[in-house]
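The values are calculated or read from the model by the stated rules, or taken from the named source; none is laboratory data. Keep in mind the model is a prediction, meaning the values are calculated, not measured. Here the Cβ positions follow ideal geometry from the backbone for every residue, glycine too, while neighbour counts run over all protein chains shown.
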Amino acid sequence: MLALLLVLAAAPPTLPHIHERFTPLPCSKHPVRRVFTLLRDPGGRRAFASGERSWLAYRRSICDAKASKFAGGTLAGVVAASCTARHNHRHLDELTSLAKTLKQP
C-alpha cells in the first residue's frame with residue numbers, strides 16, 4: 001500500500017478530463033497545459049479544471065443563444081461557429097495572461 005502511495009505521489013501531473021469533446025493539444029506550449037503545469041497546488045488545479053468546464057458551458061450557451069436568432073436557417077451554424085471562434089480567441093488570451101502571472105515570482 002505504501003509503495004502505491006509513493007508511486008502516485010511521484011507521478012507527474014496530468015491534465016484532467018475537462019470536457020468530453022475537449023482534449024488539449026499535446027504541445028507543451030498549449031495555454032491550458034501551460035497553466036495546469038504552472039499550478040502546483042492540487043486545489044488550484046481542481047479549481048482551474050472546474051473553471052474550464054464552466055467556461056466551456058458558458059461558451060456553448062451564449063453561442064447557442066446568439067445562433068437561435070437564426071434557428072432553422074443556414075445562418076445559424078455560421079453565427080454559432082463565429083461566436084465560438086471569437087470566444088476561443090479571447091479565452092486563449094486570458095489563459096496566456098494567466099500563465100504569465102503564474103510564472104512571476
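Details
- Listed conditions (1) surrounded by fewer than 10 Cβ atoms within 10 Å (Cβ to Cβ); (2) basic (Lys, Arg); (3) at pLDDT 95 or above are all met by LYS29, apart from (3).
- Check on ALA9, over 19 Å from the mean Cα position of the chain (by Cα), exposed (fewer than 12 other Cβ atoms within 10 Å of the Cβ) and modelled with pLDDT of 95 or more: no
- Residues in the range 45-89 that are β-branched (Val, Ile, Thr) and in contact (Cβ under 8 Å) with a residue 24 or more places away in the chain were compared, and the one that is farthest from LEU102 (Cα to Cα) is ILE62.
- Residues within the range 47-77 that are of a type in the set (Val, Ile, Thr) and either surrounded by fewer than 12 Cβ atoms within 10 Å (Cβ to Cβ) or touching a Phe, Trp or Tyr at 6+ places or on another chain (Cβ under 8 Å) (or both), tallied: 1
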